[in-house]
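Student: Attaching a single structure in structure tokens format; questions to follow.
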Amino acid sequence: AVFKQEAHKLIDDLPETANWDDLAEKARYLAAVEHGIEAADRGEFASPERIRAMFAKWGVDVEA
């Protein structure tokens, strides 16, 4: 029942001009956020060192 309530809210929050692609994009976004929060709650997130290394790989200078 909770899923259906969330789905109805998702649809109700879309603008009147929304289409199926907008609905699918919003649903994918919300699912990704939910999965990210669940992963963070399990302690599965990148360390500051890993983030600095990723930024350096992209040519971004990050102050320590």
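The values are calculated or read from the model by the stated rules, or taken from the named source; none is laboratory data. Just so it is clear, the model here is predicted, and its values are computed rather than measured. Note: areas computed on protein heavy atoms with side chains; ligands, DNA, RNA excluded. Shrake-Rupley method; radii C 1.70, N 1.55, O 1.52, S 1.80 Å.
Student: Just read off the accessible area of PHE55 with the full protein assembly in place, 1.4 Å probe, to the nearest 10 Å².
Tutor: Surface open to solvent at PHE55 totals about 70 Å².
Student: Can I ask one more? Would you compute, for the Cα atoms of the chain, the largest minus smallest coordinate along each principal axis and list the three values in descending order, in whole Å?
Tutor: 45, 28, 15
Student: May I ask you to list the aspartates and glutamates whose Cα is less than 16 Å away from that of LYS9, ignoring any residue fewer than eight positions away on the same chain?
Tutor: Here the aspartates and glutamates satisfying the reach criterion relative to LYS9 are ASP22, GLU25, GLU34.
Student: Using a 1.4 angstrom probe, figure out how much accessible area the chain has per residue, in square angstrom, rounded to the nearest whole.
Tutor: 93
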